[in-house]
Each structure stands twice: as C-alpha cells, then as structure tokens.
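K.L.:
Below are the structure tokens for one structure; questions will follow.
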Amino acid sequence: MREGVPRILDLLDKHGIKMTSFMIGDAVRRHSGVAAEIVRRGHEAGAHGRSWQRQYQLPRPQEKEWIADSVQAIEQATGTRPAGYNNYWIRPGVNTLEILQELGFTYHIDDLSADEPFLQMINGQPFATVPYSVHLNDIASFDFPGCL
C-alpha cells in the first residue's frame, strides 16, 4: 500500500490510463489518504465489501449492511460514491445483485460468462455486468485451502 500503490498510480499517470480500484472498507478506513489519492488522480473507486471475507453466506440484511459499510468508508475517504462492485473471490450471494441495485450501484464484475459487458434486468431495471477476466488476474495464482 505504501510502496506499490504510489508506483502504480505514477505509472498509470505516465501512460494516461484510468482504472477502477475495488476497495475494501476496512482498508479504506485504515489508509484513507491512499483511497483519496486514487480518486484525486481521476481513478474510479469501486467497492469490494467490508473486509476480504465471504459475504455470500450472509443473510440478506447482514449482506446489505456489509456492502453499505464499504460504501460509507469509500464516501468518507474519497467524497465519491462507488458505482461498481466486486465480491470476494467473484462469489456473489443469491441476493447480491438486488442489494447492489437497491444501494445505487450500476454494475458489478462478478461474472465469467462473457467477454464483453452486458445488461441484465434486476427488479425490472437494467443492471450492467462487466465480466471479470480471471485469466488476466493473479487470483488464479493463489490457493487458499479451507478459506472457501
């Protein structure tokens, strides 16, 4: 966080590239200046839950609170409200998309079924899916036995 994030931000600035940084609420609270700097440099703050733990097994009210808590942390640190969401290990629960839409999110990335973004109807309203490219990410490089 102190070493890598500033370097990647400088590299992105050098090449004129903008990114979405999916932020964990607890980490944002501990390092609010880093979250604020990401947004100050023109990048999007996305939400990634309260902490890096499973949320998909939570009952609906607790899952909604879990997501809303991360939104609150991001808003306090950056002054912006996240529009996108990424679940722990790409694993949404049965209520996640409805909750995201209720909380004002416009998209999520927890889908591996396509190569291009698409819209789906959630509660009669369009909700965007921006599929995750798992083969281009480091998530496949880690084995967390007993965590999932």
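The values are calculated or read from the model by the stated rules, or taken from the named source; none is laboratory data. Quick caveat: nothing in here was measured; it's all calculated off a predicted structure. Reconstructed Cβ throughout: ideal geometry from the backbone, glycine too, with neighbour counts over all protein chains shown.
K.L.:
Applying the selection to the range 40-64, what residues are in contact (Cβ under 8 Å) with a residue 40 or more places away in the chain and surrounded by fewer than 18 Cβ atoms within 10 Å (Cβ to Cβ)? Full working, then the answer.
P.N.:
Applying the first criterion (in contact (Cβ under 8 Å) with a residue 40 or more places away in the chain) to the range 40-64 yields 44, 46-48, 54-56.
Glu44, Arg54, Tyr56 - these are the residues of the range 40-64 that are in contact (Cβ under 8 Å) with a residue 40 or more places away in the chain and surrounded by fewer than 18 Cβ atoms within 10 Å (Cβ to Cβ).
K.L.:
Go through the residues of the range 73-81 one by one and say whether even a single one is more than 24 Å from Pro126 (Cβ to Cβ) and under 13 Å from the mean Cα position of the chain (by Cα).
P.N.:
Within the range 73-81, one or more residues are more than 24 Å from Pro126 (Cβ to Cβ) and under 13 Å from the mean Cα position of the chain (by Cα).
K.L.:
Sticking with this structure for a sec: Going residue by residue through the range 11-30, is there one that turns out to be polar (S, T, N, Q), outside any loop (DSSP other than H, G, I, E, B), over 13 Å from the mean Cα position of the chain (by Cα) and surrounded by fewer than 18 Cβ atoms within 10 Å (Cβ to Cβ)?
P.N.:
no
K.L.:
Would you say Glu37 is assigned to a helix (DSSP H, G or I), among the acidic types (Asp, Glu) and in contact with a helix residue (DSSP H, G or I) (Cβ under 8 Å, 6 or more places away or on another chain)?
P.N.:
Against the criterion (assigned to a helix (DSSP H, G or I), among the acidic types (Asp, Glu) and in contact with a helix residue (DSSP H, G or I) (Cβ under 8 Å, 6 or more places away or on another chain)), Glu37 qualifies.
K.L.:
Turning to a different aspect of this structure: Quick check on my filter: what residues within the range 115-148 are in a loop (DSSP other than H, G, I, E, B), surrounded by 11 or more Cβ atoms within 10 Å (Cβ to Cβ) and at pLDDT 75 or above?
P.N.:
Pro117, Val130, Pro131, Tyr132
K.L.:
Out of everything in the range 66-114 that is without any contact (Cβ under 8 Å) to a residue 24 or more places away in the chain and either among the polar types (S, T, N, Q) or surrounded by 14 or more Cβ atoms within 10 Å (Cβ to Cβ) (or both), what residue ends up being farthest from Ser51 (Cα to Cα)?
P.N.:
Ser113
K.L.:
So, Arg54, is that one at pLDDT below 95 and either closer than 12 Å to Tyr85 by Cβ or over 13 Å from the mean Cα position of the chain (by Cα) (or both) or not?
P.N.:
Yes, satisfied.
K.L.:
Can you tell me how many residues in the range 70-99 are within 19 Å of Pro131 (Cβ to Cβ) and either outside any loop (DSSP other than H, G, I, E, B) or not small (Gly, Ala, Ser) (or both)?
P.N.:
The qualifying residues number 12.
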